[in-house]
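Presented below is the structure to which this report refers.
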Amino acid sequence: MRTIDPAEHRPADIYKLMIGAIVPRPIAFVSTVDAAGVRNLAPFSYFTGCSTNPPVVCFCAAVRSGPFPHKDTLRNVVATGEFVVNIVSEDFGERMNACSLDAPPEVDEFALSGLTPLASDLVRPPRVAESRIQMECRLRQVVQVSDEPLGGSLVLGEVVRFHVQEDLLDGYKIDPDKLNAIGRMGGPTYVRTHDRFDMLRPVKPEEGARPLSRLNSASR
Ligand SMILES: Cc1cc2nc3c(=O)[nH]c(=O)nc-3n(C[C@H](O)[C@H](O)[C@H](O)COP(=O)(O)O)c2cc1C
């Protein structure tokens, strides 16, 4: 094993370690608008869900070096308190990637990528019509983790509306083949979600055995 003290290495190298180690990462394709209504769309793979009740998702916007450290997405979310997370399927992966261009704030990535804006129900940012699952979110909290270059801000948003393409759903279960989501690895590498296997959770021990609940009562 190699032991690495992050304090002794450049942040750019630690970034490579982290995006290679934390894999695969789902992608939040985040639509926002600025205070004047200009649309913005950008992918973020430091993304996950962090609460179900209420439903809360979070993503992390990194700090750039140079005169404009904060990404348009973060500035828009802070200014308006709203965003939409669009789940990325393989068929529009390249158009998602086109939206990761470091474009000035006045650039509308919907126009740039050819993706289709679709009015949301409850928030101003439009959804991406090509996305099979869209989540309208209201900002709950921004955690400014670090203002250093390659630092970041964690954005937590409560999902106030889910939109799921009808044929994906069996009750509340989502068909992963029909969703065909992609995820991000390190560098320019992505994964598909075709190659899956099942693993059943262990059952609780019989009465009399040491109760698991003493270790962790949060059994899902
Ligand atoms: C698949 C993918 C995932 C990305 N994930 C992140 C991320 O988690 N955090 C981040 O700050 N930038 C991430 N980026 C880069 C941003 O998308 C890029 O900086 C974009 O220009 C930000 O746009 P904005 O300034 O309009 O918000 C990612 C790019 C791609 C292609």
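The figures follow:
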{"read-out": "Relative packing of 90-96, 12-18, which averages over residues the other C-beta atoms within 10 Å, highest first", "value": "90-96, 12-18"}
{"read-out": "Residue-count net charge about His194 - beta-carbon cut-off 15 Å; Lys, Arg +1, Asp, Glu -1", "value": "-3"}
{"read-out": "Relative contact order (%) - criterion: Cα under 8 Å, at least six apart; region: the chain", "value": "22"}
{"read-out": "Square roots of 5 times each gyration tensor eigenvalue, C-alpha, the stretch 72-118, largest first, Å", "value": "19, 14, 10"}
{"read-out": "Ellipticity estimate at 222 nm from DSSP helix runs (n ≥ 4, -39,500 (n - 2.57)) divided over the chain, nearest 500", "value": "-4000 deg cm²/dmol"}
{"read-out": "Principal semi-axes in Å for the chain [√(5λ), Cα gyration tensor, largest first]", "value": "30, 24, 18"}
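Values quoted throughout were computed directly from the atomic coordinates according to the rules given, and no laboratory measurement underlies them. Remember, it's a predicted structure, so these values are computed and weren't measured experimentally. Cβ atoms come from the backbone with ideal geometry, glycine included; neighbour counts cover every protein chain shown.
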